[in-house]
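First the structure, in the form of structure tokens, and then the observations on it.
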Amino acid sequence: MLNEQLFRLLLGGLGDTLYMVFSATALAALLGIPAGFLLYGTRPKRFLANALVFYPLNLAINIGRSIPFIILAIWIIPLTRFLVGKAIGNTAAIVPLALAATPFLARLIENALNEVPAGLIEAAQAMGAHPGQIIRRVLWPEALPAIINALTITLIALIGYSAVVGSIGADGLGKIAYSHGYQRYRPDVIFYTVCVIVLLVQAIQYLGDYLVRRTDHR
């Protein structure tokens, strides 16, 4: 039964989850969006074609996406401790969450850019546009709805990852389900936690879809 104590527990867990997920997504966006543009632009036969940039970056993205999250989180504990001064806690969890999301988001951004008609880029080049203008005036506005969708997918994926970091010392909804539900034989706690997560995912998806519709002028 949802009493006041459980309600406050879930509310605190929701706040912890939002803090970790949105912070990690912001950091992943700072790294992953430029990486996605580089993957797209430096690919052979593109307007910034550069094998020395594309192939190492493409390999790094593939490797980053192939490492299971829990292994990554444990593996980079020394890096996490170096960056934030500790290896456990909500702030510390942001580091592996952001690193896991960056290659995932970069590939989604590249796929979003691949949806831009090649004719638009060719027309811009024919009019003398340099690479910076192509990115700002063609790729970004044309791919913006798909980029927003990529960020929405990343946010939702990180909600699932945030449940895992509860096993390495972070708080959030995942830890509540495990510590207060599973370990204490409280299926009702697990049920309410799942309900909160489902509502959170639905809210993020709704907001993402709304922003996609607002920015899609095709």
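The values are calculated or read from the model by the stated rules, or taken from the named source; none is laboratory data. Source: prediction; values computed, not measured. Please note: Cβ atoms are built from the backbone with ideal geometry, for glycine as well, and neighbour counts cover all protein chains shown. Heads up: the accessible areas ignore ligands, DNA and RNA and are worked out on the full protein's heavy atoms, side chains in. Shrake-Rupley method; radii C 1.70, N 1.55, O 1.52, S 1.80 Å.
Carbon and sulfur: what percent of region 138-218's accessible surface (1.4 Å probe)? Using a 1.4 Å probe with all protein chains present, region 138-218 comes out at 64 percent carbon and sulfur.
Run a plain Debye calculation on region 1-89 (Cα atoms as equal point scatterers, no solvent) and give log10 I(q)/I(0) at q = 0.20, 0.21 Å⁻¹, rounded to two decimals, same order as the q list. For region 1-89 at q = 0.20, 0.21 Å⁻¹, log10 I(q)/I(0) is -1.07, -1.10. Pairs of Cα atoms in region 133-174 fall into 5 Å distance bins, from 0 up to the last occupied one, in shares of 6, 21, 16, 13, 11, 10, 8, 9, 6, 0 percent. A cut-off under 12 angstrom between Cβ atoms defines the neighbours of Val95, and their net charge, with Lys, Arg +1 and Asp, Glu -1, is +2.
Would you calculate a helix-derived [θ] at 222 nm for the chain, using -39,500 (n - 2.57) for each DSSP H run of n ≥ 4 and dividing by the full residue count, to the nearest 500? Numbers along the way, then the final one.
Details: 9 runs with 162 residues, N = 218.
Here the helix-only value at 222 nm equals -25000 deg cm²/dmol.
Calculated from the alpha-carbon coordinates, the chain shows an Rg and a Dmax of 20.1, 68 Å respectively.
May I ask you to give the percent of accessible area on region 1-116 that is carbon plus sulfur, with a probe radius of 1.4 Å? Kindly include the intermediate steps, with their values, before the conclusion.
Values: 4220 of 6100 Å².
Summing carbon and sulfur atoms, their accessible area is 69 percent of the total for region 1-116.
Accessible surface area normalised per residue over the chain is 55 Å², counting heavy atoms of protein chains with a 1.4 Å rolling probe. Measuring spread by the Cα atoms of region 30-75 yields a radius of gyration and Dmax of 12.6, 39 Å.
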